[in-house]
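To start, the structure itself, in structure tokens.
Bear in mind these aren't lab numbers, they're just calculated from the coordinates by the rules spelled out. Bear in mind that the values here come from a model prediction, so they are computed numbers and not experimental data. Please note: Cβ atoms are built from the backbone with ideal geometry, for glycine as well, and neighbour counts cover all protein chains shown.
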Amino acid sequence: MTAPRHFLDLDRFDTPVLRTLIELGKAFKRGDAEYGARPLENRVLAMIFEKPSTRTRVSFEAGMHQLGGQVIVLTHHDTQLGRGETIADTARVLSRYVDAIMIRTNEPAKLHELAAHATVPVINGLTDSSHPCQVMADVMTYEEHRGSLAGKVVTWCGDGNNVAASWIQAAAHFDFTMRLACPPQLMPSEPSLAWARSKGAHIELTTDPDAAVSGSDCVLTDTWVSMHHQNKDRLKLLAPYQVNGRLMGLAKPDAVFMHCLPAHRGEEVTEQVIDGPQSLVWDEAENRLHVQKGILTWCLL
Ligand code: CP
Ligand code: NVA
């Protein structure tokens, strides 16, 4: 039996595969992907959610329906996972019923255990350490508005979190300079940095948001309190990193603003920026649907 095509993290891929997936996403969006009307007819995707979700759940569910397939949504509490059944056994059993499994979980080890024991493709719908589907949609969105990311300066401002880690990995594939301005206590995780640098990515870390944003082509941020954070003390540390009109004014005049959502206006970003003309956030959210159709068809067909 051939190994299933998992979509786990961007560091597992050769760049041409990621390029194919983004181009597929764009083709699905245009309506000219080279598949029939219902390429996933009779295919079933199980989605395991150990954390809340709006975009990931609805975009995967709508995408499967639009491609002719179906979904089953499982939450931690209403399955035996919540009572201690192992991830490995869950993977073996679900593989007998469904054609692919998407999981949103906390520890990346659970994602990897699921993939190791599933005989169907496993898709990472976010862990505490990464969010690759989001960053695929983000790259697609930037390209739609401004063309190739190659040679551009992309600046992350705020918490060096899971979404930042996937952006760092993307820098190794799409050849842009990735700057991250974070408080010293909230710098991005070492493994994503080490991997990207080993691949020759241009990564710059600083604690100075003004210096980082100056001359940038794209400014990114995310919530200051992710789903896996209990501690609100981080709000004080992050206050100087708010993306507001003044900070955005230091970027290039045609720079764009991106945020994976959900957003907290008045914390990591002001209303002026997220609801202003440079913001691409609604296209980012929409493109989850399109790029994930690319990921689903690549995993399943
Ligand atoms: N951006 C994102 O993944 O949103 P949800 O948490 O709503 O799925
Ligand atoms: N960093 C955020 C992303 C939400 C999509 C979180 O993990 O809560």
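Order these peptides, 78-85, 202-209, 112-119, 168-175, by their mean beta-carbon neighbour count within 10 angstrom, highest first.
Highest to lowest by the protection proxy: 168-175, 112-119, 202-209, 78-85.
Show that you can apply the helix-only estimate: for the chain, add -39,500 (n - 2.57) for every DSSP H stretch of four or more residues, divide by all residues, and state [θ] at 222 nm to the nearest 500.
Counting only the DSSP helices, I get -12000 deg cm²/dmol.
Note down the relative contact order for segment 1-120 as a percent, whole number, built from C-alpha pairs under 8 angstrom at least six residues apart.
It rounds to 30 percent for segment 1-120.
What is the helix-to-structure angle for 281-300, meaning the angle in degrees between its Cα long axis and the longest Cα principal axis of the chain, kept from 0 to 90 and rounded to the nearest 10?
30
So what are the ³J(HN,Hα) numbers for segment 131-138, from phi and the Karplus equation (6.51, -1.76, 1.60; θ = phi - 60°), rounded to whole Hz, Gly and Pro as x?
Karplus values, whole Hz, x for Gly and Pro: 8, x, 4, 4, 6, 4, 5, 5.
Against the 2.2 N^0.38 Å scaling, with N counting residues, where does segment 149-301 land? I'd like the Cα-based Rg ratio to two decimal places.
On the way: Rg = 15.2 Å, N = 153, 2.2 N^0.38 = 14.9 Å.
Against the empirical 2.2 N^0.38 Å value, I get 1.02 for segment 149-301.
Listing PHE13, PHE257 from the residue with the fewest other Cβ atoms within 10 Å to the one with the most, what is the order?
Details: PHE13 17, PHE257 20.
Fewest-to-most ranking of PHE13, PHE257: PHE13, PHE257.
Please determine, in degrees from 0 to 90 and to the nearest 10, the orientation of helix 55-66 with respect to the longest principal axis defined by the Cα atoms of the chain, where the helix direction is its Cα long axis.
50
Anything over 32 Å Cα to Cα? Flag those among LYS29/LYS51; LYS26/LYS199; LYS51/LYS252; LYS26/LYS236; LYS26/LYS252, in the order listed.
Result: LYS51/LYS252; LYS26/LYS236 exceed 32 Å.
Taking the alpha carbon gyration tensor of the chain, what are the square roots of 5 times its eigenvalues, largest first, to the nearest whole Å? Walk me through the numbers on the way to the answer.
Working: eigenvalues 199, 93, 60 Å².
After scaling each eigenvalue by five and taking roots: 32, 22, 17 Å.
Near the amide H of MET47, under 5 Å away, which other amide H atoms are found, from residues 5 or more places off or on another chain, if H is placed in the peptide plane?
Result for MET47 returns ILE72, VAL73, LEU74, MET102.
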